1. Which residue, chosen from 276, 99, 57, occupies the Cα position most advanced towards the positive end of the dipole of the chain, where the dipole is computed from +1 (Lys, Arg) and -1 (Asp, Glu) charges on Cβ about the Cα centre?
2. Please compute P(r) over all alpha-carbon pairs of the range 90-186, binned at 5 Å starting from zero, and give each bin as a whole-number percent.
3. Can you give the extra length, in nm with one decimal, that the chain gains between residue 303 and residue 185 once fully stretched, where that is 0.36 nm per residue apart less the Cα-Cα distance?
4. Quick one: of the DSSP bridges fully inside the chain, what percent are antiparallel, nearest 5?
5. Please report, as a whole percent, how much of the solvent-accessible surface of the range 71-173 comes from carbon and sulfur atoms (probe radius 1.4 Å).
6. Between residue 86 and residue 69, 0.36 nm times their residue separation minus their Cα-Cα distance comes to what?
7. Please grab the % of Cα pairs in the chain that end up more than 28 Å from each other.
8. Membrane-span-like helices in the chain: DSSP H runs reaching 18 Å or more (Cα, own axis), mean Kyte hydropathy at least 1.0?
Amino acid sequence: MLLDIEDLTIELPAGAAARPMLAEVSLRVGRGEVVGLVGESGSGKSTTARAVLRMLPEGARASGSVRVDGEDVLAMDPARLRRHRSRTVSMIFQDPRSAMNPVRRIGDFLTDPLTRVLGLSRRDAVVKAAELLASVGLSDPERRMRQRPHELSGGMLQRVVIAAALSTDPDLLLADEATSALDATTQAEVLALLRSIQEERRRAGSGIGTLFITHDLPLAAAYCDRVYVMYAGRVVEQQPARGLFADPKHPYTRGLLECSPSLGDDREPRPIPGRPPSLSDALTGCPFLPRCARAEAECETWAPVAVPLGGDGDGSERYGFAACRRLELVSRSSA
Ligand SMILES: Nc1ncnc2c1ncn2[C@@H]1O[C@H](COP(=O)(O)OP(=O)(O)OP(=O)(O)O)[C@@H](O)[C@H]1O
Ligand SMILES: [Mg+2]
């Protein structure tokens, strides 16, 4: 397994929060797979992605494991960790402008990692940078390289950021709201680009895995192979994308789908009542309980566990799981 996060719990220092930022998060991404991670603001999506680079909040304690190609990122020595961050994993953020120095040229943004990380000569780096820009669909790459960020549109800049992320030939791509700031047409173009790069690498035998973070559940269901849903620092459901969209099992996932308007659907979008808990809210029982229309008294003391959705207790990637007490009752009674 390319990325294998197992029971990851991240806690801020005592007094800074009433509950963990992440609680027992388990998540896997295989080579060649595009895996979605969705949830409302503050659910812990970015914290999960940053943990893959061992970028933890100041003073935070982490338990569990984050393995990339079998090696635990939380236990790497500094030299190994540097290489892991610069070569093995690449991260693409939402706002390309904030990721780039506004006064430097586009070319420098690309040639820097090529010379620094891959050790290419300046001249080779310039040639490779132009190739990379062409490969993400930018015309006239030589001219682009002389331009500065303000001379390019948001969509073009995001292509530059993707080119830079791929320049070091990573195994794992972490895309954190990478297309959220783009208009619908540009978003579709950038997603198509990411997919075609993924396909190309798969055919070349060096499949990369992508963790695709978004708050947009229909987008994740359309774009990804599998999707994890997070709530209050926990994974509450995982299913293959089609199943998640057609038959969501957790009341929270259902709520997310019901509040997303979709074409040809004449029902009014229905928001989930209430707000997600903050880090200062201590949680006991099911964290979704205060907003759940189907909650029962027993949910108040129920310790969340992943209930397998497969026929014979199989909660694997293929069948998925959901952390809801009512599902646990159903699966027990049919066992
Ligand atoms: N460095 C930090 N120190 C303290 N708290 C933090 C830190 N980073 C994030 N948090 C808190 O941890 C929780 C999870 O944040 P995170 O950024 O992972 O959420 P998210 O799902 O990525 O949200 P969004 O959709 O808004 O990006 C939030 O309550 C956030 O305020
Ligand atoms: Mg985030």
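1. 99
2. Taking every Cα pair in the range 90-186, the percentages come to 2, 15, 26, 26, 21, 8, 2, 0.
3. Full-extension gain reported as 38.2 nm.
4. 55 percent
5. Answer for the range 71-173: carbon and sulfur cover 49 percent of the accessible area.
6. Answer, rounded to one decimal: 4.6 nm.
7. 45 percent
8. Result, helices passing both filters: 154-167.
The values are calculated or read from the model by the stated rules, or taken from the named source; none is laboratory data. A quick note: this is a predicted structure, and the numbers were derived from the prediction, not measured. Glycine also receives a Cβ, built like all others from the backbone with ideal geometry; neighbour counts cover every protein chain displayed. Accessible surface areas use protein heavy atoms only, side chains included; no ligands, DNA or RNA. Shrake-Rupley method; radii C 1.70, N 1.55, O 1.52, S 1.80 Å.
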